[in-house]
Amino acid sequence: MMAFNLHSVWAIYKFEVARFGRTVLTSLITPVITTSLYFIVFGSAIGSRMTEIGGIPYGAFIVPGLMMLTMFTESIFNASFGIYMPKWSGTIYELLSAPVSAFETVVAYVGAAATKSIVIASIIFATAHLFVDVQVAHPLAMMAFMLLMAVTFCLFGFILGIWAQSFEQLQVVPMLVVMPMTFLGGAFYSIDMLPAAWRTVTLFNPVVYLISGFRWTFFGKGDVAIEISLAAVFAFLLICLAVVGWMFRTGYRLKN
C-alpha cells in the first residue's frame with residue numbers, strides 16, 4: 001500500500017493558495033463591499049418593514065444565509081477553476097503521470113479551495129459585526145459546519161471543473177443552478193413565511209437543508225431539524241466523493 005505523499009499534496013496546495021494570494025487585495029475587499037451592500041439593501045429596505053423573524057433580528061437572521069451564499073459560490077468557483085486550468089493548459093497529463101494518487105490530488109485541490117472559501121466566509125462574518133450584533137449559539141458546531149460545507153461544495157466544484165470543456169460551461173451551473181437555488185432556499189427569509197403549497201415545493205430544494213442547518217448553529221433553530229440538515233449534507237458529500245472516484249477510475253474527461 002502506497003504511503004500518503006504529503007510533499008506532493010503540500011506542493012499542489014501551496015501553488016493553489018499562492019494563486020489566491022496574488023489577488024488577495026481584491027479577494028478580501030470584494031466580500032467586504034458585497035456584505036456591506038447586502039446589509040444596506042436588505043437591512044434598510046426590508047429590515048425596516050420586517051424587524052424580526054422568529055424572534056431573531058432580521059439583520060442577524062440573514063448573516064448565515066449570506067455566509068452560505070458566498071461559500072457556495074466561492075467553493076465551486078475556486079475548486080472548478082483550480083482543476084480546469086491544468087486541463088485547459090494541458091499540464092493535467094503531467095499531474096496524472098506523476099507519483100500522486102487520485103486521493104492526494106483531490107485532497108490538495110479541494111483543501112486549497114476550501115481554505116480560501118473559509119477565509120472569505122470568516123471575513124463576511126467579521127464584516128457583519130459592523131452592522132449587527134450576531135451571537136453564535138454553537139460556535140464549535142458553526143466552525144465544523146463551515147468546514148463540512150466548504151469541503152462538500154469544493155468537491156462539487158472539482159467535479160464541475162473536470163466535466164466542463166469550456167469557460168462557459170464552468171460558469172453555467174453556479175450561475176443558473178446554484179445561485180437561484182440559494183436565493184430560493186431561505187437564505188434571506190424563513191420558509192415558514194411562505195404559503196403552505198410553496199413551502200412544500202421549497203422543501204424539495206436541497207439548499208434549504210444546508211442553510212437551515214448552518215442557521216441552527218447560530219440561533220439554535222432552523223426551518224428543518226438539524227438531524228435532517230446534517231443527513232442532507234453528508235448525503236451530498238458521499239455522492240460527490242463517489243462521482244470523483246468514478247471520474248478518476250474511468251479517466252472521464254481527464255485522459256482524453
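Taken together, the values in this text are just the output of simple stated rules run on the coordinates, not laboratory data. Bear in mind that the values here come from a model prediction, so they are computed numbers and not experimental data. Here the Cβ positions follow ideal geometry from the backbone for every residue, glycine too, while neighbour counts run over all protein chains shown.
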I want to confirm something. Restricting to the range 180-199 and keeping residues that are outside any helix (DSSP H, G or I) and more than 21 Å from the chain's Cα centre (by Cα), which single residue is nearest to residue 214 (Cα to Cα)?
194
Assess whether residue 212 counts as being without any contact (Cβ under 8 Å) to a residue 40 or more places away in the chain, surrounded by 18 or more Cβ atoms within 10 Å (Cβ to Cβ) and either within 21 Å of residue 82 (Cα to Cα) or among the polar types (S, T, N, Q) (or both).
yes
Residue 131 - would you say it is not acidic (Asp, Glu) and not in a helix (DSSP H, G or I)?
yes
Does residue 63 count as buried (at least 17 other Cβ atoms within 10 Å of the Cβ) and outside any helix (DSSP H, G or I)?
no
Qualifying position, being closer than 22 Å to residue 226 by Cβ and touching a Phe, Trp or Tyr at 6+ places or on another chain (Cβ under 9 Å), among 149, 143, 179
149
Identify the residue in the range 138-178 that is touching a helix residue (DSSP H, G or I) at 6+ places or on another chain (Cβ under 6 Å) and outside any helix (DSSP H, G or I) and, among all such residues, is surrounded by the fewest Cβ atoms within 10 Å (Cβ to Cβ).
138
Over the range 179-190, the set of residues crowded, with 20+ Cβ neighbours inside 10 Å and in contact with a Ser or Thr (Cβ under 9 Å, 6 or more places away or on another chain) is 182, 185, 186
